[in-house]
Protein chains: 2
Amino acid sequence: MVKMVDVARLANVSTATVSRVLRNPESVKEHTRLKVLNSIEELNYQPNVLARHFRRNKTNTILVIVPNIANTIFSQIVRGIEATASEKNFRVLLGNTNRDVEKEYDFLNLLHQRQVDGLILLSGKIDHDILSELKDKYPLVLASEYVDDVEIATVCIDNIKSSFEATEHLIKQGHKRIGHISGPMNSLLSFDRLSGYNQALKEYHIDESKDLIREGDFSYETGYQQMCELLILPEPPTAVFAANDEMAMGAINASKKKGLSVPKDLAVVGFDNIRFSSIFDPGVTTIAQPAVEMGNIAMELLLQKLDDPDFENKRITLKSELIIRESCGSNIVETSQ
Amino acid sequence: MVKMVDVARLANVSTATVSRVLRNPESVKEHTRLKVLNSIEELNYQPNVLARHFRRNKTNTILVIVPNIANTIFSQIVRGIEATASEKNFRVLLGNTNRDVEKEYDFLNLLHQRQVDGLILLSGKIDHDILSELKDKYPLVLASEYVDDVEIATVCIDNIKSSFEATEHLIKQGHKRIGHISGPMNSLLSFDRLSGYNQALKEYHIDESKDLIREGDFSYETGYQQMCELLILPEPPTAVFAANDEMAMGAINASKKKGLSVPKDLAVVGFDNIRFSSIFDPGVTTIAQPAVEMGNIAMELLLQKLDDPDFENKRITLKSELIIRESCGSNIVETSQ
DNA sequence: ATCTGTAATGTAATCGATTACATTTTCAGT
DNA sequence: ACTGAAAATGTAATCGATTACATTACAGAT
């Protein structure tokens, strides 16, 4: 393996100069720089990244902890993160947890071991105290998820507002009995989506009913089960707002199974606008998060933190959008291609 | 940061002994070992991974190149890889290419730079010559995809056989005009799925027709488009075998759009058994690959290669399974929950 | 008690880039 | 031409674990 001394010898300079050419080209005279670059070329020199990491105690790698990479909302955010990261010559290590908190903690070891320089969390499950300790010790950004109390750099949408809009849309279709299948209640995001739903009901003077609110865990299966529960109520809902698209699809399939037709007998709205929402039949009306952009911004925030650990922990709120498809019975209908 | 010398000092031994306790415990006397372990505990010592990587010129990290991580078939394989990897204390770096060959080559730099110790490829797009050079220079395993000519450790299923079965299933339902929407023809896997289809037609004395074979690229969109093409033929097919589930769903939706009913007017079989195939309406009949197991085995093969670069490059072929759902009009019908 | 061979432990070089500090070069200003 | 400051380059220490080689401890044989 060619190393820096070899280049230095050939170019007739010191290793310090070679190193500077690579990391601080402007601090080296043009003439010398060209000599060095030529030698690098001639020897086909590639710096030893591991030595560099060791010496600088940095890896140019960041960790992204994802609850479920197979969910397109997360893979899109990751795509955004990667795009911005690779521009700045950063690598992205994916920590897929399948919604298992233990695995999250496992991945955090990578931070402690300095195998990664920073962290983007797409999951809000980690304990508050640990989170608040983390954000003081390492560059940390939350994306999509968020927490209160602790001040952490965050990119997200306004979940209360978008859930309000989703529910309002159902109300405007004339529905009065509207169910909600929520996400797991240990996450603030789930809580806010529920709040948006509640606020919409209140705003339009619709009585709340505890029976109509069911807790799921963002999986298709819980959407299916909870919908079954809702359907055996003495007075079942005529519409359902599910806290994500997978659960919405679960709810739709449960209703179909019971012989109901969506949207005629039951209107459904989801959340996230995952790829299959437009492929599914009926197309799922949903709230679209600007996922790729969210990833871009999350990475930009992290880069700033990496550069200056004291950089302000701002929260950036992006706009979401209601996408109307067939599942809610609106007359405005998108094609499913 | 506590380092090895600190532990050594406290335990009253040399750093060599501390290092041995960590890497070769059996070479250290029980008495000494305990002293050292106690000191490690007491000081809460964590070895500097970067220094270790540098010194050993190994990172205990492997790279997995994936065409599209949002596709559940790939995320399942990755899950299998990760499970086996983490047992052996290996990290998995995910290289998602979105089917872009350029990005594949980018990721290969990680190998050259020794940032990863080995590679599992889930894509068969890389140039033969490069592949054959790679496999001599680095531990390399192919999973799901495979190539001929070059001898590389591989885990896969028998795509010809399973496609034969899929097509045969349609034939046994009485279909005589069966279309095929293939994968991109630069991949051997697509080619084999086409071969299986052709062999089944031949076996059952059904005339082939070039018109009925359309090339897609494994995306929903091409499935949709190619099905549209098939439907405007003077004599359109009554059944279609698509080389993956996404294209099968595209085909189904295209037919629905034209007012056809699946499976009554058109029977469809897909490939891969992605998660959404059972959620889709109608449930997609498909070939299930043992994806997680495939990942496990791929990682095991790679570990063997990492251990001994001259380890035999065997190809392991796993069993696939035909999963019958509603889309093919069989009377044996699975529920879609 | 002495010798021998093996097991256990220690000493110190090593991996290769980075960088604090030292030295030399350059050049503007007189 | 000379001075002094700034720019360019060089010297050598440094990061922290690993490991080849050297030394010591110890058990068993004589």
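The values are calculated or read from the model by the stated rules, or taken from the named source; none is laboratory data. What you are looking at is a predicted structure, and each value in this text was computed from that prediction instead of being measured. Positions of Cβ are generated from backbone atoms using ideal geometry, with glycine treated the same way; all protein chains shown enter the neighbour counts. We work out accessible area using only protein heavy atoms, side chains counted, and drop any ligands, DNA or RNA first. Shrake-Rupley method; radii C 1.70, N 1.55, O 1.52, S 1.80 Å.
The single residue among A:SER27, A:SER19, A:SER14, A:SER39 that is in contact with a Lys or Arg (Cβ under 8 Å, 6 or more places away or on another chain) and either hydroxyl-bearing (Ser, Thr, Tyr) or farther than 27 Å from B:ASN57 by Cα (or both) turns out to be A:SER27. Do you know which of the residues in region B:145-158 that are without any contact (Cβ under 8 Å) to a residue 60 or more places away in the chain and of a type outside the set (Asp, Glu) is farthest from B:LYS202 (Cα to Cα)? Ranking the qualifying residues of region B:145-158, first place goes to B:VAL150. Can you confirm whether region B:172-184 contains a residue that is open to solvent by 10 Å² or more (accessible area, probe 1.4 Å), under 20 Å from the mean Cα position of the chain (by Cα) and closer than 26 Å to B:LEU302 by Cα? Scanning region B:172-184 turns up no residue that is open to solvent by 10 Å² or more (accessible area, probe 1.4 Å), under 20 Å from the mean Cα position of the chain (by Cα) and closer than 26 Å to B:LEU302 by Cα.
Return yes when B:LEU10 is open to solvent by 60 Å² or more (accessible area, probe 1.4 Å) and out of contact with any strand residue (DSSP E or B) (no Cβ under 9 Å at 6 or more places or on another chain) and no when it is not. Yes: the conditions hold for B:LEU10.
When region B:29-51 is examined, which residues are found to be near DNA strand D (Cβ under 9 Å from one of its atoms) and surrounded by 19 or more Cβ atoms within 10 Å (Cβ to Cβ)? Within region B:29-51, B:TYR45, B:VAL49, B:LEU50 qualify. For region B:29-52, filtering for residues that are among the hydroxyl-bearing types (Ser, Thr, Tyr) and within 9 Å of DNA strand C (Cβ to nearest atom) leaves 1.
Can you confirm whether B:PHE74 is out of contact with any helix residue (DSSP H, G or I) (no Cβ under 6 Å at 6 or more places or on another chain), aromatic (Phe, Trp, Tyr), more than 13 Å from DNA strand D (Cβ to nearest atom) and within 12 Å of chain A (Cβ to nearest Cβ)? Yes.
Consider region A:15-28 and keep the residues that are open to solvent by 60 Å² or more (accessible area, probe 1.4 Å) and modelled with pLDDT under 95. The one that is nearest to DNA strand D (Cβ to nearest atom) is A:SER27. The residue that is nearest to the chain's Cα centre (by Cα), counting only those in region A:20-46 that are away from chain B (no Cβ under 14 Å) and among the polar types (S, T, N, Q), is A:ASN24. Among the residues of region B:54-71, some residue qualifies, meaning at least one is within 11 Å of chain A (Cβ to nearest Cβ), more than 26 Å from B:LEU301 (Cβ to Cβ), crowded, with 18+ Cβ neighbours inside 10 Å and within 16 Å of DNA strand D (Cβ to nearest atom).
Conditions tested, residue by residue: (1) free of Cβ contacts under 8 Å to residues at least 12 places away in the same chain; (2) near DNA strand C (Cβ under 9 Å from one of its atoms); (3) assigned by TED's automatic domain parsing to the domain that holds A:SER123.
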site: A:ARG9; (1), (2), (3): yes, no, no
site: A:LEU22; (1), (2), (3): no, yes, no
site: A:THR97; (1), (2), (3): no, no, yes
site: A:LYS103; (1), (2), (3): yes, no, yes
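Across region B:84-121, the number of residues qualifying as more than 14 Å from every other protein chain (Cβ to nearest Cβ) and either open to solvent by 70 Å² or more (accessible area, probe 1.4 Å) or of a type outside the set (S, T, N, Q) (or both) comes to 6. Screening the candidates B:THR167, B:THR84 for the property of being of a type in the set (S, T, N, Q) and farther than 30 Å from B:ALA200 by Cα yields one hit, B:THR84. Of all residues in region A:11-20, those that are hydrophobic (A, V, I, L, M, F, W, C) and within 8 Å of DNA strand C (Cβ to nearest atom) total 2. Restricting attention to region B:255-279, the residues that are surrounded by fewer than 24 Cβ atoms within 10 Å (Cβ to Cβ) and either without any contact (Cβ under 8 Å) to a residue 60 or more places away in the chain or on the phi > 0 side of the Ramachandran plot (or both) total 10. Checking the conditions here, which among A:ILE232, A:ILE213 is out of contact with any helix residue (DSSP H, G or I) (no Cβ under 8 Å at 6 or more places or on another chain), in the same structural domain as A:LEU266 (by TED's automatic domain parsing) and farther than 22 Å from A:ALA288 by Cα? Step by step, each of A:ILE232, A:ILE213 is checked, and only A:ILE232 is out of contact with any helix residue (DSSP H, G or I) (no Cβ under 8 Å at 6 or more places or on another chain), in the same structural domain as A:LEU266 (by TED's automatic domain parsing) and farther than 22 Å from A:ALA288 by Cα.
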